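Since the structure comes first, as structure tokens, the remarks are kept for the end.
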Amino acid sequence: MSQKLAIDGGTKAVTLDQTKANRWPPLGEEEFTAVKRVMQMPDFYEEAYTLEEKFKDYIGSRYALAHNNGTAAIHAAFFALGISPGDEVITPSYTYWATCMPILAWGGIPVFAEVDPETCNIDPEDIKRRITPRTKAIIVVHLWGLPCEMNEIIKIARRYNFKVIEDAAHAHGAEYKGKKVGAIGDIGCFSFQASKLMVGIEAGMLVTNSQGYYERAMALGHYRRLNNLPSESFYRRYYATCFGFKYRIHPLAAGIARVQLKHLDERSRKRNENIEYLDARLDTLPGIKTFKTPSYMKRVYYQHEVVLEEEKLKVSKDRFIEAVRAEGVKASGERYPLQHQQPIYKEKGIPLGELPITEKIRDKMLSLPTFPQANFDLLDQYAEAFRKVATAYAKY
Ligand SMILES: Cc1ncc(COP(=O)(O)O)c(C=O)c1O
């Protein structure tokens with residue numbers, strides 16, 4: 001039976017307080033203690049090395065190099081691979097700018113590829129169409145925490161002889177066929193910025209199994225440490241200058257991130273439980289589709305997105321969002337503008353085509369809270385809000 005919607009003067013479905021349910025990042029006594037401890041260390045920078053040890057053990061990579069943010073880690077990754085003027089790098093357009101803007105910084109050319117609308121991750125079939133003799137690398141993004149199809153991507157890269165960077169800024173702890181993302185391609189990059197699944201408030205990490213990439217990334221922006229490289233290392237000679245950037249992590253951020261890493265899996269488990277509980281209910285409603293995780297992946301949720309199938313509804317997406325918001329739901333449209341539509345690429349002379357699949361799916365996205373600390377009572381109210389609105393607006 002359809003009830004009067006809150007937008008039409010009916011009673012709100014969501015009445016519980018949501019402040020605590022969505023509070024993030026979780027920072028408390030443990031982090032304060034860590035910050036104090038680092039402030040009292042004889043060598044603050046030792047804290048970065050400890051974080052690197054712990055993080056590489058967690059991810060399963062041979063090397064980890066802490067950075068002052070994820071963007072710096074990505075910039076260093078392109079440098080490590082030797083991206084040079086005229087080199088092409090395949091990238092999704094549906095991502096945060098830090099995935100692809102650093103390509104331009106090295107004179108490289110971002111080549112935007114379509115995503116698969118079932119996952120919003122880069123489509124391996126479209127990658128194949130974008131390869132040219134100048135393709136030097138691909139950067140994939142495990143968008144919102146869902147792993148990309150890594151086996152297929154690695155197979156294509158090996159066949160056409162280019163390298164793979166994983167932008168794992170959204171996907172700390174996610175797994176593809178039993179392997180943690182970030183450690184599957186040639187280089188992986190993480191962000192520990194304040195909204196991420198583990199935070200240093202502002203920090204990042206580069207991981208790799210290649211000693212060569214590790215040393216080259218270090219040469220870009222970690223001058224002092226170059227002195228600690230083995231004497232035969234080519235890059236040791238640059239210890240007094242590096243290559244002109246200063247990318248080491250703030251030691252207090254490293255202290256915070258170390259505490260956060262300990263709690264990462266437990267906190268992601270709670271998010272997953274809450275989101276999966278709600279999604280199972282949303283999936284039964286007309287006009288709403290949730291993202292499915294293949295059995296061979298373990299996903300995490302940096303953001304919680306669902307697809308609104310406007311064609312099955314009598315109202316526009318905007319009106320639907322207004323209606324659920326009136327019920328008390330915290331919902332919004334997609335927040336990432338598509339990269340291939342941004343003026344900077346055109347101004348730099350990057351050849352840009354249209355990406356109709358990416359453009360279409362992005363417009364259908366509805367963003368919901370990730371409920372890091374919610375209980376089922378609140379989620380039941382969310383489910384009820386969506387049931388009211390979706391049934392009222394469904395085209396039967
Ligand atoms: C997909 C993606 N890549 C890279 C980054 C860059 O990380 P940072 O903000 O730590 O520089 C972010 C940050 O939001 C991101 O979402």
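Condition first: surrounded by 13 or more Cβ atoms within 10 Å (Cβ to Cβ) and aliphatic (A, V, I, L, M). Now tell me which residues in the stretch 210-256 satisfy that.
Listed by number, the residues that qualify are Ala217, Met218, Ala219, Leu220, Leu226, Leu229, Ile249, Leu252, Ala253, Ala254, Ile256.
Would you call Tyr393 of a type in the set (Phe, Trp, Tyr) and either within 28 Å of Val181 (Cα to Cα) or open to solvent by less than 10 Å² (accessible area, probe 1.4 Å) (or both)? Lay out the reasoning, then the answer.
On the way: of a type in the set (Phe, Trp, Tyr): yes; either within 28 Å of Val181 (Cα to Cα) or open to solvent by less than 10 Å² (accessible area, probe 1.4 Å) (or both): no.
Criteria not met by Tyr393.
Name the single residue that is nearest to the ligand (Cβ to nearest atom) among those in the stretch 165-175 being under 20 Å from Lys270 (Cα atoms) and not hydrophobic (A, V, I, L, M, F, W, C).
Only one residue tops the list, namely His170.
Before we move on, is Ile249 within 16 Å of the ligand (Cβ to nearest atom) and touching a helix residue (DSSP H, G or I) at 6+ places or on another chain (Cβ under 8 Å)? Show your work before the answer.
On the way: within 16 Å of the ligand (Cβ to nearest atom): yes; touching a helix residue (DSSP H, G or I) at 6+ places or on another chain (Cβ under 8 Å): yes.
Yes, satisfied.
What are the residue pairs meeting all of these: first residue in the stretch 278-306, first residue without any contact (Cβ under 8 Å) to a residue 24 or more places away in the chain and over 18 Å from Ala21 (Cβ atoms), second residue within 16 Å of the ligand (Cβ to nearest atom) and open to solvent by 20 Å² or more (accessible area, probe 1.4 Å), Cβ atoms under 9 Å, and 6 or more apart or on different chains?
Pro294/Thr119
Could you check the stretch 206-219 and list, in sequence order, the residues that are under 19 Å from Gly244 (Cα atoms) and within 16 Å of the ligand (Cβ to nearest atom)?
Passing the criteria: Leu206, Ala217.
Which condition from (1) open to solvent by 10 Å² or more (accessible area, probe 1.4 Å); (2) away from the ligand (no atom under 16 Å from the Cβ) is the one that Phe162 breaks?
Of everything listed in (1) open to solvent by 10 Å² or more (accessible area, probe 1.4 Å); (2) away from the ligand (no atom under 16 Å from the Cβ), Phe162 misses just condition (1).
Which of the residues spanning the stretch 184-202 are more than 11 Å from the ligand (Cβ to nearest atom) and either over 19 Å from Leu143 (Cβ atoms) or surrounded by fewer than 24 Cβ atoms within 10 Å (Cβ to Cβ) (or both)?
Asp186
Considering only residues that are touching a Ser or Thr at 6+ places or on another chain (Cβ under 9 Å) and under 14 Å from Phe243 (Cβ atoms), which ones fall in the stretch 78-98?
Within the stretch 78-98, just Ala80 meets the criteria.
Which of the following residues is crowded, with 18+ Cβ neighbours inside 10 Å and either charged (D, E, K, R) or on the phi > 0 side of the Ramachandran plot (or both): Arg325, Arg299, Arg319? Spell out how you get there, then give the answer.
Working: Arg325 fails: crowded, with 18+ Cβ neighbours inside 10 Å; Arg319 fails: crowded, with 18+ Cβ neighbours inside 10 Å.
It is Arg299.
The values are calculated or read from the model by the stated rules, or taken from the named source; none is laboratory data. Predicted, not measured: the structure shown is a model, and the values here were computed from it. All Cβ positions, glycine included, derive from the backbone under ideal geometry; neighbour counts span all protein chains shown. The accessibility values were calculated without ligands, DNA or RNA, using every heavy atom of the protein model including side chains. Shrake-Rupley method; radii C 1.70, N 1.55, O 1.52, S 1.80 Å.
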